[in-house]
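The values are calculated or read from the model by the stated rules, or taken from the named source; none is laboratory data. Every value quoted in this text rests on a predicted model; they were computed, and no experiment measured them. Cβ placement follows ideal geometry from the backbone for every residue including glycine, while neighbour counts extend to all protein chains displayed.
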């Protein structure tokens with residue numbers, strides 16, 4: 001064979017080998033590409049199918065890629081087509097403006113000659129006085145920020161009947177004759193201003209009624225199941241707390257007595273805090289039925305007052321409130337136990353540290369024919385008084401022990417006509433010695449160890465429609481002096497006849 005023919009044959013064999021090698025490389029490349037496409041498609045579609053054999057990939061790679069892309073598109077379409085969750089339409093936020101008012105047309109049948117009872121509405125009111133008077137005005141707003149958070153605002157005005165003249169002025173005029181060449185007279189006017197204290201109640205210096213902030217708080221519902229956290233200015237668990245729709249109690253003494261428009265409960269009457277600035281846990285032990293619950297609160301012991309920096313309650317002392325309540329017999333029997341403790345003054349060289357604490361039990365049975373309630377309490381006021389013994393005269397700081405008892409009954413006479421009656425007895429110091437004289441150390445409101453009290457009230461309640469009441473009643477308090485002046489300060493009483501009105505709106 002010629003040399004040139006052999007060369008051509010060698011070139012042809014090399015080309016054939018190259019073609020075979022190139023085909024093998026191309027086959028491997030296509031196979032690897034198919035694995036890559038399959039892996040990416042599987043990742044996008046969460047496809048867990050086994051990768052197809054290499055032979056299938058080489059013959060139908062485009063179709064497989066298109067199938068995977070289609071599956072991916074369908075998956076995206078399925079995600080987009082998913083129906084959004086329905087909005088919660090069961091909760092409707094509370095936005096409520098509400099209020100109530102009560103007052104009387106009253107007539108003072110008899111006034112105590114000793115002008116006792118500074119804690120009462122009618123201290124200083126003379127016999128035969130009669131007038132129309134508001135005793136309480138409330139204006140509140142409840143605002144649910146969310147299902148979890150609720151804000152409460154309450155403005156109050158609670159004036160008393162004994163509105164004295166504040167800042168009264170008297171003017172005297174004298175005339176002096178000037179002598180001289182011209183003669184004539186000149187008048188000199190002397191103006192004397194006598195200032196009296198603001199009388200009990202919420203009266204401005206010009207004796208007009210005024211609103212003040214009584215409640216302003218934030219409630220956090222269910223910080224754990226069945227317990228709310230409240231911070232701000234709020235009702236204490238002493239008697240006034242009444243929070244339907246929350247985990248707070250609704251069966252304390254004021255709401256169960258149901259006639260705050262006639263008179264305060266006995267502990268309110270004698271100046272236990274009904275509201276304070278602080279923080280509280282209000283809870284139920286059985287959230288589903290709410291038959292058992294509790295309240296734990298710490299406060300300033302300042303009610304709504306703005307205390308000075310030197311006041312012991314501003315940062316040094318606090319008051320602690322505790323309450324446990326229960327409902328038995330299908331919620332006909334209410335039992336409530338309350339306690340508080342507060343330190344009020346440091347020890348001095350002559351008086352030990354001062355404090356007070358209260359224990360109170362309230363029991364009520366509610367039924368259609370008759371409702372009966374009993375409230376009894378004892379209060380210890382440490383170093384509350386100084387006892388001064390006769391010759392040889394010695395002064396000794398003493399604890400004062402207060403006892404109080406209240407019994408009431410209420411019920412229906414006929415439709416829209418109800419009755420109510422109540423009796424209280426109060427002893428400011430069970431250890432009082434009539435042979436001694438006493439001075440007062442405690443700053444507990446209106447406290448006086450020398451006077452025992454017995455209180456009576458009764459009347460009827462006509463409510464022509466819901467939230468409107470007309471209640472004729474009598475109000476009587478008897479005073480018994482137990483001090484050394486008992487022979488000169490006679491026992492006496494204050495008697496008031498009243499036509500009371502009470503109405504509520506927004507609730």
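Of 430, 396, all but one fail to be assigned to a strand (DSSP E or B), in contact with a strand residue (DSSP E or B) (Cβ under 8 Å, 6 or more places away or on another chain) and surrounded by fewer than 20 Cβ atoms within 10 Å (Cβ to Cβ); the exception is 396. Does any residue of the stretch 419-440 turn out to be in the same structural domain as residue 116 (by TED's automatic domain parsing), touching a helix residue (DSSP H, G or I) at 6+ places or on another chain (Cβ under 9 Å), at pLDDT 95 or above and over 30 Å from residue 385 (Cα atoms)? So far as the stretch 419-440 goes, yes, one or more of its residues are in the same structural domain as residue 116 (by TED's automatic domain parsing), touching a helix residue (DSSP H, G or I) at 6+ places or on another chain (Cβ under 9 Å), at pLDDT 95 or above and over 30 Å from residue 385 (Cα atoms).
Taken as a whole, the condition of being farther than 27 Å from residue 407 by Cβ and either touching a strand residue (DSSP E or B) at 6+ places or on another chain (Cβ under 9 Å) or at pLDDT 95 or above (or both) does not apply to residue 348.
Within the stretch 131-153, residues that are assigned to a loop (DSSP other than H, G, I, E, B) sit with their Cβ atoms under 7 Å from residues that are modelled with pLDDT of 95 or more, at 6+ positions apart or across chains, in these pairs: 145/151; 148/220; 148/221.
Look at the stretch 313-332: where a residue is farther than 21 Å from residue 238 by Cα and a partner is surrounded by 14 or more Cβ atoms within 10 Å (Cβ to Cβ) and at pLDDT below 90, sitting 6+ places away or on another chain with Cβ atoms under 7 Å, you get 314/307. Annotation: of all residues in the stretch 234-263 being part of a loop (DSSP other than H, G, I, E, B) and in contact with a helix residue (DSSP H, G or I) (Cβ under 8 Å, 6 or more places away or on another chain), the one that is nearest to residue 467 (Cα to Cα) is 260. Can you confirm whether residue 401 is in a strand (DSSP E or B), surrounded by fewer than 18 Cβ atoms within 10 Å (Cβ to Cβ), at pLDDT below 95 and out of contact with any helix residue (DSSP H, G or I) (no Cβ under 9 Å at 6 or more places or on another chain)? The answer is no for residue 401.
When 242, 291 are screened for being surrounded by fewer than 19 Cβ atoms within 10 Å (Cβ to Cβ), more than 30 Å from residue 472 (Cβ to Cβ) and either touching a strand residue (DSSP E or B) at 6+ places or on another chain (Cβ under 7 Å) or free of Cβ contacts under 8 Å to residues at least 24 places away in the same chain (or both), only 291 passes.
Of note, residue 443 satisfies the criterion of being touching a strand residue (DSSP E or B) at 6+ places or on another chain (Cβ under 8 Å) and at pLDDT below 95.
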